[in-house]
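One structure is given below, encoded as C-alpha coordinates.
The values are calculated or read from the model by the stated rules, or taken from the named source; none is laboratory data. This structure is a prediction, so every number in the text was calculated from the model and none was measured. As a convention, Cβ positions derive from the backbone with ideal geometry for all residues, glycine included, and neighbour counts pool all protein chains shown. With ligands, DNA and RNA removed, areas are computed over all heavy atoms of the protein, side chains included. Shrake-Rupley method; radii C 1.70, N 1.55, O 1.52, S 1.80 Å.
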Amino acid sequence: TQLLEQSPQFLSIQEGENLTVYCNSSSVFSSLQWYRQEPGEGPVLLVTVVTGGEVKKLKRLTFQFGDARKDSSLHITAAQPGDTGLYLCAGPFSKTYKYIFGTGTRLKVLA
Amino acid sequence: DTAVSQTPKYLVTQMGNDKSIKCEQNLGHDTMYWYKQDSKKFLKIMFSYNNKELIINETVPNRFSPKSPDKAHLNLHINSLELGDSAVYFCASSQVVLAGPLNEQFFGPGTRLTVL
(Lines give C-alpha, C1' and ligand atoms only; values in the text may rest on other atoms or scores of the structure.)
Protein backbone atom coordinates (compact mmCIF):
# COMPACT_ATOMS: atom_id res chain seq x y z
CA THR A 1 0.00 0.00 0.00
CA GLN A 2 1.39 3.36 -0.99
CA LEU A 3 1.41 5.87 1.84
CA LEU A 4 2.76 9.40 2.15
CA GLU A 5 3.68 10.41 5.68
CA GLN A 6 4.30 14.07 6.37
CA SER A 7 6.17 15.60 9.27
CA PRO A 8 5.74 17.54 11.33
CA GLN A 9 1.99 17.30 11.63
CA PHE A 10 1.73 20.77 13.19
CA LEU A 11 4.15 23.68 13.12
CA SER A 12 3.77 27.08 14.73
CA ILE A 13 6.58 29.55 14.17
CA GLN A 14 7.33 33.26 14.32
CA GLU A 15 7.47 35.43 11.24
CA GLY A 16 10.92 35.45 9.73
CA GLU A 17 11.89 31.93 10.81
CA ASN A 18 12.83 29.14 8.40
CA LEU A 19 11.14 25.75 8.32
CA THR A 20 11.20 22.44 6.51
CA VAL A 21 8.32 20.06 5.91
CA TYR A 22 8.93 16.45 4.94
CA CYS A 23 6.98 13.97 2.86
CA ASN A 24 8.15 10.35 3.09
CA SER A 25 7.14 7.04 1.62
CA SER A 26 8.48 3.51 1.38
CA SER A 27 7.30 3.44 -2.25
CA VAL A 28 8.83 5.02 -5.33
CA PHE A 29 6.78 7.70 -7.02
CA SER A 30 7.19 8.85 -10.61
CA SER A 31 6.50 12.41 -9.44
CA LEU A 32 5.31 14.25 -6.36
CA GLN A 33 3.24 17.36 -6.02
CA TRP A 34 2.90 19.93 -3.24
CA TYR A 35 -0.37 21.71 -2.57
CA ARG A 36 -1.25 24.48 -0.12
CA GLN A 37 -4.71 24.71 1.35
CA GLU A 38 -5.82 27.87 3.11
CA PRO A 39 -8.63 27.78 5.68
CA GLY A 40 -12.03 27.46 4.02
CA GLU A 41 -10.55 26.87 0.58
CA GLY A 42 -9.52 23.96 -1.60
CA PRO A 43 -5.90 22.89 -2.15
CA VAL A 44 -3.89 24.80 -4.75
CA LEU A 45 -0.99 23.24 -6.59
CA LEU A 46 2.39 24.81 -5.79
CA VAL A 47 4.82 22.59 -7.67
CA THR A 48 5.41 19.20 -9.30
CA VAL A 49 8.80 17.50 -8.98
CA VAL A 50 9.63 14.75 -11.43
CA THR A 51 13.34 13.88 -11.45
CA GLY A 52 15.17 12.30 -8.52
CA GLY A 53 17.33 14.94 -6.84
CA GLU A 54 15.42 17.77 -8.50
CA VAL A 55 15.25 21.12 -6.73
CA LYS A 56 12.64 23.72 -7.60
CA LYS A 57 12.31 27.21 -6.19
CA LEU A 58 9.19 29.28 -5.96
CA LYS A 59 10.14 32.62 -4.40
CA ARG A 60 10.88 31.77 -0.72
CA LEU A 61 9.82 28.13 -1.14
CA THR A 62 12.33 25.44 -2.13
CA PHE A 63 11.13 21.97 -3.07
CA GLN A 64 13.35 18.93 -3.33
CA PHE A 65 12.65 15.43 -4.65
CA GLY A 66 14.74 12.69 -3.08
CA ASP A 67 17.30 10.88 -5.21
CA ALA A 68 15.39 7.60 -4.83
CA ARG A 69 12.05 9.35 -5.51
CA LYS A 70 10.61 8.14 -2.22
CA ASP A 71 10.59 11.44 -0.41
CA SER A 72 10.34 15.18 -0.84
CA SER A 73 10.85 18.27 1.26
CA LEU A 74 9.55 21.81 1.28
CA HIS A 75 11.72 24.51 2.81
CA ILE A 76 10.34 27.98 3.50
CA THR A 77 12.76 30.83 4.10
CA ALA A 78 11.73 33.80 6.22
CA ALA A 79 8.18 32.60 6.75
CA GLN A 80 5.38 35.14 6.58
CA PRO A 81 1.84 35.05 8.02
CA GLY A 82 0.58 34.57 4.46
CA ASP A 83 2.33 31.19 4.39
CA THR A 84 -0.13 29.92 7.00
CA GLY A 85 -2.09 26.92 5.76
CA LEU A 86 -2.19 23.18 5.30
CA TYR A 87 0.59 21.79 3.13
CA LEU A 88 -0.13 18.53 1.34
CA CYS A 89 2.13 16.37 -0.76
CA ALA A 90 0.52 14.10 -3.33
CA GLY A 91 1.74 11.30 -5.55
CA PRO A 92 0.20 9.30 -8.38
CA PHE A 93 -0.62 5.64 -8.07
CA SER A 94 1.46 4.09 -10.81
CA LYS A 95 -0.32 3.92 -14.18
CA THR A 96 -3.70 4.81 -12.72
CA TYR A 97 -6.02 7.76 -12.63
CA LYS A 98 -5.69 8.55 -8.96
CA TYR A 99 -3.51 10.35 -6.47
CA ILE A 100 -2.69 9.62 -2.90
CA PHE A 101 -2.39 12.62 -0.62
CA GLY A 102 -0.06 12.92 2.33
CA THR A 103 -1.14 13.22 5.94
CA GLY A 104 -0.65 17.00 5.84
CA THR A 105 1.32 19.62 7.77
CA ARG A 106 -0.57 22.46 9.38
CA LEU A 107 1.62 25.57 9.45
CA LYS A 108 0.85 28.70 11.41
CA VAL A 109 3.12 31.71 11.09
CA LEU A 110 2.68 34.28 13.83
CA ALA A 111 3.23 37.97 13.14
CA ASP B 1 -14.98 33.82 -12.73
CA THR B 2 -14.67 30.89 -10.34
CA ALA B 3 -12.96 27.94 -12.02
CA VAL B 4 -14.49 25.17 -9.89
CA SER B 5 -17.57 26.01 -7.88
CA GLN B 6 -19.54 23.97 -5.40
CA THR B 7 -22.92 24.45 -3.79
CA PRO B 8 -23.77 24.64 -1.02
CA LYS B 9 -20.75 25.83 0.95
CA TYR B 10 -22.25 24.56 4.20
CA LEU B 11 -24.79 21.80 4.70
CA VAL B 12 -26.25 20.90 8.09
CA THR B 13 -28.74 18.07 8.18
CA GLN B 14 -30.20 15.32 10.30
CA MET B 15 -29.20 11.67 10.23
CA GLY B 16 -31.19 9.67 7.73
CA ASN B 17 -31.78 12.54 5.32
CA ASP B 18 -30.80 12.56 1.65
CA LYS B 19 -28.75 15.46 0.32
CA SER B 20 -26.93 16.53 -2.84
CA ILE B 21 -23.84 18.62 -3.49
CA LYS B 22 -23.36 20.22 -6.88
CA CYS B 23 -20.11 20.97 -8.69
CA GLU B 24 -19.43 22.91 -11.86
CA GLN B 25 -16.17 23.73 -13.63
CA ASN B 26 -15.66 26.28 -16.39
CA LEU B 27 -12.12 25.23 -17.27
CA GLY B 28 -13.10 22.97 -20.15
CA HIS B 29 -11.59 19.94 -18.38
CA ASP B 30 -12.68 16.41 -19.19
CA THR B 31 -11.93 14.89 -15.78
CA MET B 32 -13.67 15.63 -12.50
CA TYR B 33 -13.25 14.23 -8.99
CA TRP B 34 -14.88 14.04 -5.60
CA TYR B 35 -12.66 13.97 -2.52
CA LYS B 36 -13.51 13.66 1.17
CA GLN B 37 -11.42 15.48 3.78
CA ASP B 38 -11.91 14.25 7.32
CA SER B 39 -11.47 16.08 10.59
CA LYS B 40 -7.74 15.28 10.56
CA LYS B 41 -7.45 16.98 7.17
CA PHE B 42 -6.76 13.71 5.37
CA LEU B 43 -7.85 14.03 1.73
CA LYS B 44 -9.11 10.86 0.05
CA ILE B 45 -10.39 10.24 -3.45
CA MET B 46 -13.96 8.97 -3.73
CA PHE B 47 -14.90 9.12 -7.39
CA SER B 48 -13.63 10.36 -10.72
CA TYR B 49 -15.34 10.86 -14.06
CA ASN B 50 -13.73 11.33 -17.45
CA ASN B 51 -15.99 12.54 -20.22
CA LYS B 52 -19.04 11.57 -18.14
CA GLU B 53 -17.68 8.04 -17.64
CA LEU B 54 -16.91 6.74 -14.14
CA ILE B 55 -13.21 5.81 -13.93
CA ILE B 56 -12.52 5.78 -10.21
CA ASN B 57 -14.90 4.31 -7.65
CA GLU B 58 -13.13 3.89 -4.34
CA THR B 59 -14.43 1.83 -1.44
CA VAL B 60 -17.29 4.18 -0.74
CA PRO B 61 -20.68 3.12 0.70
CA ASN B 62 -23.26 2.78 -2.05
CA ARG B 63 -25.27 5.47 -0.25
CA PHE B 64 -22.97 7.82 -2.19
CA SER B 65 -23.85 8.19 -5.85
CA PRO B 66 -22.10 10.55 -8.23
CA LYS B 67 -23.80 11.80 -11.36
CA SER B 68 -22.25 13.63 -14.29
CA PRO B 69 -24.89 15.13 -16.55
CA ASP B 70 -22.20 16.66 -18.75
CA LYS B 71 -18.43 17.22 -18.71
CA ALA B 72 -18.73 20.46 -16.78
CA HIS B 73 -20.82 19.09 -13.93
CA LEU B 74 -20.33 16.39 -11.32
CA ASN B 75 -22.87 16.09 -8.55
CA LEU B 76 -22.77 13.95 -5.43
CA HIS B 77 -25.93 12.53 -3.92
CA ILE B 78 -25.86 10.97 -0.48
CA ASN B 79 -28.70 8.82 0.84
CA SER B 80 -29.49 8.01 4.46
CA LEU B 81 -26.85 10.30 5.91
CA GLU B 82 -24.86 9.03 8.88
CA LEU B 83 -22.85 10.84 11.56
CA GLY B 84 -19.62 9.55 10.01
CA ASP B 85 -20.41 11.30 6.75
CA SER B 86 -19.62 14.63 8.40
CA ALA B 87 -16.60 16.01 6.55
CA VAL B 88 -15.57 18.54 3.93
CA TYR B 89 -16.22 17.34 0.39
CA PHE B 90 -14.12 18.76 -2.42
CA CYS B 91 -14.79 18.68 -6.11
CA ALA B 92 -11.81 18.97 -8.45
CA SER B 93 -11.12 18.91 -12.15
CA SER B 94 -8.10 18.31 -14.35
CA GLN B 95 -7.27 18.54 -18.03
CA VAL B 96 -5.27 15.32 -18.01
CA VAL B 97 -6.90 12.06 -16.97
CA LEU B 98 -3.84 9.97 -16.07
CA ALA B 99 -2.23 10.65 -12.71
CA GLY B 100 1.24 11.98 -13.28
CA PRO B 101 3.38 15.10 -13.62
CA LEU B 102 1.12 16.68 -16.22
CA ASN B 103 -1.96 16.33 -14.05
CA GLU B 104 -2.83 19.50 -12.15
CA GLN B 105 -6.03 19.29 -10.20
CA PHE B 106 -8.07 22.41 -9.59
CA PHE B 107 -10.16 22.20 -6.45
CA GLY B 108 -13.41 23.84 -5.53
CA PRO B 109 -13.83 25.65 -2.20
CA GLY B 110 -15.37 22.63 -0.51
CA THR B 111 -18.72 21.80 1.06
CA ARG B 112 -18.71 21.33 4.81
CA LEU B 113 -21.30 18.68 5.62
CA THR B 114 -22.43 18.31 9.22
CA VAL B 115 -24.75 15.45 10.10
CA LEU B 116 -26.54 15.81 13.43
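What the table shows:
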| read-out | value |
| --- | --- |
| Interface area, B with A, accessible, probe 1.4 Å, both sides summed, Å² nearest 100 | 2000 Å² |
| Under 20 Å from the Cα of residue A:59 - lysines, other chains or at least 8 residues apart | A:108 |
| Table column - 3J(HN,Hα) (Hz), segment B:19-28, Karplus curve with 6.51, -1.76, 1.60, x for Gly and Pro | 9, 10, 10, 10, 9, 9, 10, 10, 8, x |
| In Hz, Karplus ³J(HN,Hα) per residue of segment A:29-37 (6.51, -1.76, 1.60; θ = phi - 60°; x = Gly, Pro) | 10, 6, 7, 9, 10, 10, 10, 10, 10 |
| Euclidean distance of C-alpha centroids, segment B:7-41 and segment A:12-43, integer Å | 24 Å |
| Total lysine pairs whose alpha carbons fall under 15 Å of each other in segment B:4-115 (8 or more apart, or interchain) | 11 |
| Percent accessible area from carbon and sulfur atoms, segment B:4-115, protein chains only, probe 1.4 Å | 51 percent |
| Other protein chain Cβ atoms within 10 Å, averaged over every residue that makes up A:44-54 | 2 |
| Inter-site label distance for residue B:52 and residue B:96 at 7 Å from Cα along Cβ, in nm | 2.7 nm |
| Relative contact order for chain B, counting Cα pairs under 8 Å that sit 6 or more residues apart, in percent | 36 percent |
| Cα shape, segment A:5-104, gyration tensor, a/c 1.5 rule | prolate |
| Accessible-area composition of chain A, carbon plus sulfur, in percent [1.4 Å probe] | 51 percent |
| Percent RCO, i.e. relative contact order, over chain A, from Cα pairs under 8 Å lying at least 6 residues apart | 36 percent |
| Hz values of 3J(HN,Hα) by residue in segment A:50-66 - Karplus curve (6.51, -1.76, 1.60), Gly and Pro given as x | 10, 9, x, x, 5, 10, 10, 10, 9, 6, 8, 9, 10, 10, 10, 9, x |
| Å² of accessible area per residue within the protein assembly as shown, as computed with a 1.4 Å probe and no ligands counted | 48 Å² |
| Long-range HN-HN contacts of residue A:104 with modeled amide H, under 5 Å | A:6, A:89 |
| With DNA, RNA and ligands ignored, accessible area of residue B:65 (1.4 Å probe; Å², nearest 10) | 30 Å² |
| Inter-chain shielding of B:37-44 (mean C-beta neighbours from other protein chains, 10 Å cut-off) | 5 |
